[in-house]
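Peer 1: This is the structure, below, for whatever I ask next.
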Amino acid sequence: MNRPWQAFCKLGIVHFMIYPQVIRGEGPVLETARRIAEDDFFQVLEIAPVKDQSLLAELRSLVDSARMLIGVGAQPGLLLTKLSLASLDEEARQAAVANVKASIDQAYAVGARILALFDGPNSYPGPDREQQAKDALYKSLCELCDYTKKKANAAGYTLWLSVENFDRDIEKRSLLGPTAEAAAMVARVKAEHENIGLTVDLSHLPLLRESADEALSAAAPHLIHVHVGNAIMRNKEQEGYGDQHPGFGVAGGENDVPQLVDFLKALFKVGYFSKKLPTPMPVITFEAKPRSFETPEVVIANLKRTWAEAWARLEL
């Protein structure tokens, strides 16, 4: 590619994955966020909800000073509590909705334009009850879209929800599942609520057994947010197996420079870089987690080098 990537997108990083000690919303949240803000390679910081809400104003000030965008992921709140928006137990479903509403409040507090979420861990109930679970998820997503709109006037803009699909049979065992089914769910909700879209994660495609073309073609009408990273799925005994996001190109991993190149080509093909989005420019966010023998800094260097090589190889 003979044009700089800055002309097409803003690159970000998932804060609570590269620094997993903050995934519970506590610990050195501000200190580690500042490290990312000081690195001008990244223009977007994606955070988890925090327990100390006094940090929200400081995080907003930090990204404003650094000229960054900020996003919030509701996934940690659902994962850590084992709640599901698709639960067939009404009390449990309502608890999941309340959990995400708290994340929506924090997203507005920091000025995020997108809140990423998923249905919840172990939310696939099997084929016999799949449709019931999808109906429960639809109900939850509609409630959450309504909630974001109620908060919009005070914020001066409407937050968008971005649904991320995960594996159905390896680790997360998510109801959404196949990208085409995730797209169908978003289309169903979008018939009534315009502020919802899809997040597609390159890390998840091997776990879903989908190609970049297949997944992004299905997601294209609703695609508003992108994650990139790696996965390990051949050896259950290997550290980083499943949806644990090791760095690119690790032994036994599925994604490296060629897969990132293919993914970028597919993004161009479906028009991601030229469509109207809730963010000022298209966002591509790295999601990677250091293994026990790695530091965040080494993994960040891995991401940068992989990106630079993939972009240099990109031919359209």
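The values are calculated or read from the model by the stated rules, or taken from the named source; none is laboratory data. It should be emphasised that the depicted structure is a prediction, and the values quoted were computed from it without experimental measurement. Positions of Cβ are generated from backbone atoms using ideal geometry, with glycine treated the same way; all protein chains shown enter the neighbour counts.
Peer 1: Please list, ordered by residue number, the helices (runs of 4 or more DSSP H) wholly in the stretch 155-248 having 2 or more residues that are within 20 Å of Ser123 (Cα to Cα).
Peer 2: 179-190, 205-208
Peer 1: While we're on this one: For the stretch 27-38, enumerate the residues that are in a loop (DSSP other than H, G, I, E, B) and exposed (fewer than 13 other Cβ atoms within 10 Å of the Cβ).
Peer 2: Hits for the stretch 27-38 are Pro28, Glu38.
Peer 1: Could you pull out the residue among Leu80, Leu137 that is within 15 Å of Ser162 (Cα to Cα) and of a type in the set (A, V, I, L, M)?
Peer 2: Only one candidate passes the filter, namely Leu137.
Peer 1: Moving on to the next point. Taking the criterion of being surrounded by 16 or more Cβ atoms within 10 Å (Cβ to Cβ) and among the aromatic types (Phe, Trp, Tyr), would at least one residue in the stretch 158-165 satisfy it?
Peer 2: yes
Peer 1: Do we have any residue at all in the stretch 69-88 that's part of a loop (DSSP other than H, G, I, E, B), modelled with pLDDT of 95 or more and in contact with a strand residue (DSSP E or B) (Cβ under 8 Å, 6 or more places away or on another chain)?
Peer 2: Yes: one or more hits.
Peer 1: If only one of Ser54, Ser103, Ser65 is surrounded by fewer than 20 Cβ atoms within 10 Å (Cβ to Cβ), under 21 Å from Gly12 (Cα atoms) and of a type in the set (Gly, Ala, Ser), which one is it?
Peer 2: After ruling out the rest, the residue left standing is Ser65.
Peer 1: Of the residues Phe273, Phe268, Phe263, only one is outside any loop (DSSP other than H, G, I, E, B) and buried (at least 18 other Cβ atoms within 10 Å of the Cβ); which? Write out each step before concluding.
Peer 2: Numbers: Phe273 fails: buried (at least 18 other Cβ atoms within 10 Å of the Cβ); Phe268 fails: buried (at least 18 other Cβ atoms within 10 Å of the Cβ).
Criteria check complete, one pass: Phe263.
Peer 1: Here is a further query. With surrounded by fewer than 21 Cβ atoms within 10 Å (Cβ to Cβ), out of contact with any Gly (no Cβ under 8 Å at 6 or more places or on another chain), outside any strand (DSSP E or B) and modelled with pLDDT of 95 or more as the only criterion, which of Arg129, Arg93 stands out?
Peer 2: Among Arg129, Arg93, only Arg129 is surrounded by fewer than 21 Cβ atoms within 10 Å (Cβ to Cβ), out of contact with any Gly (no Cβ under 8 Å at 6 or more places or on another chain), outside any strand (DSSP E or B) and modelled with pLDDT of 95 or more.
Peer 1: I've got another one for you. Taking the condition of being polar (S, T, N, Q) and out of contact with any helix residue (DSSP H, G or I) (no Cβ under 8 Å at 6 or more places or on another chain), how many residues in the stretch 112-131 meet it? Show your work before the answer.
Peer 2: First pass over the stretch 112-131, keeping only residues polar (S, T, N, Q): 122-123, 131.
Filter again for out of contact with any helix residue (DSSP H, G or I) (no Cβ under 8 Å at 6 or more places or on another chain), leaving 122, 131.
Result for the stretch 112-131: 2.
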